[in-house]
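Written out below as structure tokens is the structure these notes cover.
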Amino acid sequence: MESCRVGLLYCINSSMLSFKEYIEEEYLEERVLSIGLNPSHEKHRETHRGHIHDMIHHAYKSIGGYGGHASGSKKESEAIHDDISHSVIKAVKRNGKLSSVNLYKKKYGRKSIASATDGTAQGKKDFMKTKLEDHEHKRAWGEVSGKVASIHKKIGTPDIPSKKAGKLLGKKIKPHADGVHYDRKLGDKMHTKKMVGHPKESA
């Protein structure tokens, strides 16, 4: 790659682009949707409903299904659609398709209730960016396990003590000795979880 002087010109793929062209080249394809927060974005809830549903279904398939329902079942599909209908949704759209999506419920601030990507490397980057912004702006919290818990640990999202879990969730839990993890029933199975993030301290 040719060397370029720092300023209004940037060297990309060995060609000289103006600052305006550079911005368009890098960011024009990305659009962040704030459904439920930005009134002009509300139309995207229905436009992308099917895609959001399928992304969430695939994301939760490895743990048996979404919301304690069997993967691929009618009840799972109904639960996903119900959450799409009643949630705040943050999504990244690239070239007309969603690469990552996060659903939130208004509870003690903004509670993350579901998240998924399109499975691509870029989708995973967009997912990470959204989670990092949630942490940096202290605007969301949620219940996590597995890979998502590892991502939050990597970006530094703080753990929430398990003693708060019952009140925040409104569910019966069984705390672990570490003061962070706990077990709770989803469907007919017990799952180990923990909570991370920044709930409003009215909790």
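Which residues, taken from the stretch 71-89, are open to solvent by 30 Å² or more (accessible area, probe 1.4 Å) and closer than 19 Å to VAL144 by Cα?
Listed by number, the residues that qualify are SER71, ASP83.
Here is a yes/no grid of residues against (1) buried (at least 19 other Cβ atoms within 10 Å of the Cβ); (2) over 12 Å from the mean Cα position of the chain (by Cα); (3) closer than 21 Å to GLU42 by Cβ:
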residue: VAL92; (1), (2), (3): yes, no, yes
residue: ASN95; (1), (2), (3): no, yes, no
residue: SER100; (1), (2), (3): yes, no, yes
residue: TYR104; (1), (2), (3): yes, no, yes
residue: LYS107; (1), (2), (3): no, yes, yes
residue: ALA114; (1), (2), (3): yes, no, yes
residue: GLU143; (1), (2), (3): yes, no, no
residue: SER150; (1), (2), (3): no, yes, no
residue: LYS153; (1), (2), (3): no, yes, no
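Taking the condition at pLDDT below 95, of a type in the set (Phe, Trp, Tyr) and crowded, with 20+ Cβ neighbours inside 10 Å, does TYR66 pass?
So TYR66 passes the test.
Counting only residues that are at pLDDT below 95, in a helix (DSSP H, G or I) and out of contact with any Leu (no Cβ under 9 Å at 6 or more places or on another chain), which one in the stretch 25-58 is surrounded by the most Cβ atoms within 10 Å (Cβ to Cβ)?
GLU26
Kindly list, by first and then second residue, each pair from a residue in the stretch 89-107 that is among the basic types (Lys, Arg) to a residue that is open to solvent by 40 Å² or more (accessible area, probe 1.4 Å) and modelled with pLDDT under 95, limited to pairs with Cβ atoms under 6 Å and residues at least 6 apart or on different chains.
Between residues of the stretch 89-107 that are among the basic types (Lys, Arg) and residues that are open to solvent by 40 Å² or more (accessible area, probe 1.4 Å) and modelled with pLDDT under 95, the close pairs are LYS93/ARG31; ARG94/GLU29; ARG94/GLU30.
Take MET128 and decide whether it is under 28 Å from SER77 (Cβ atoms), open to solvent by 40 Å² or more (accessible area, probe 1.4 Å) and under 12 Å from the mean Cα position of the chain (by Cα).
It is true that MET128 is under 28 Å from SER77 (Cβ atoms), open to solvent by 40 Å² or more (accessible area, probe 1.4 Å) and under 12 Å from the mean Cα position of the chain (by Cα).
The values are calculated or read from the model by the stated rules, or taken from the named source; none is laboratory data. All values derive from a computational prediction rather than experimental measurement. Glycine gets a Cβ as well: all are built from the backbone with ideal geometry, and neighbour counts include every protein chain shown. Just the protein is used for accessible areas: all its heavy atoms, side chains included, with ligands, DNA and RNA removed. Shrake-Rupley method; radii C 1.70, N 1.55, O 1.52, S 1.80 Å.
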